[in-house]
1. For residue 121, are the conditions met, namely being at pLDDT 90 or above, under 30 Å from residue 57 (Cα atoms) and not small (Gly, Ala, Ser)?
2. Taking residue 76, is it under 25 Å from residue 45 (Cβ atoms), surrounded by fewer than 19 Cβ atoms within 10 Å (Cβ to Cβ) and touching a residue at least 12 places away in the same chain (Cβ under 8 Å)?
3. Could you say which residue among 96, 60 is of a type outside the set (Gly, Ala, Ser), touching a residue at least 12 places away in the same chain (Cβ under 8 Å) and either over 16 Å from residue 5 (Cβ atoms) or buried (at least 19 other Cβ atoms within 10 Å of the Cβ) (or both)?
4. Quick one: residue 26 ticks every box in (1) on the phi < 0 side of the Ramachandran plot; (2) modelled with pLDDT under 85; (3) surrounded by 13 or more Cβ atoms within 10 Å (Cβ to Cβ) except a single one, so which number is it?
5. Can we say residue 71 is under 18 Å from residue 6 (Cβ atoms), surrounded by 13 or more Cβ atoms within 10 Å (Cβ to Cβ) and not polar (S, T, N, Q)?
6. Taking the conditions exactly as written (out of contact with any helix residue (DSSP H, G or I) (no Cβ under 7 Å at 6 or more places or on another chain) and touching a residue at least 12 places away in the same chain (Cβ under 8 Å)), does residue 5 satisfy them or not?
Amino acid sequence: MLYITPGLVIEESELEERFVRASGPGGQNVNKVATAVELRFDAARSPALDDRMRERLHRLAGSRMTTDGILVIDARRHRTQAMNREDARERLIELLRRAASPPRRRRRTAPTAASREARIEAKKHRARRKAGRGRVDPQE
């Protein structure tokens with residue numbers, strides 16, 4: 001079981017791991033041993049997630065989420081399968097924790113007096129610059 005938050009637990013049966021060969025450091029071992037981990041979590045069908053959390057997870061995951069709602073985490077930072085497996089699970093837990101907490105609502109604020117004044121000054125400066133681009137009088 002993966003413990004995400006006190007009220008959110010993911011069953012091991014909901015996770016699918018595939019081990020593939022990884023590029024990068026490791027010498028000849030790279031060509032022989034499948035150390036990279038591809039962790040798949042079916043967020044669309046998971047009973048542990050509610051609809052709002054699924055939506056937040058989809059937004060946070062971006063391209064790591066397939067159109068079928070499967071979250072795919074690729075871990076190949078380390079040389080060993082065990083460390084990559086742990087890394088993938090930690091990244092899944094972190095992503096689910098971020099999706100579990102709803103974002104704080106933005107509190108609207110009024111612009112400061114200084115920013116309003118700066119905006120008006122910038123408009124006046126632009127107007128003067130454009131006024132100088134007018135037609136040239138041939139009499140002058």
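1. no
2. no
3. 96
4. (1)
5. When the stated conditions are applied, residue 71 does not pass them.
6. No, not satisfied.
The values are calculated or read from the model by the stated rules, or taken from the named source; none is laboratory data. Owing to the predicted nature of the structure, the values given are computational and were not obtained by experimental measurement. Every residue, glycine as well, gets a Cβ built from its backbone with ideal geometry; the counts of neighbours run over all protein chains shown.
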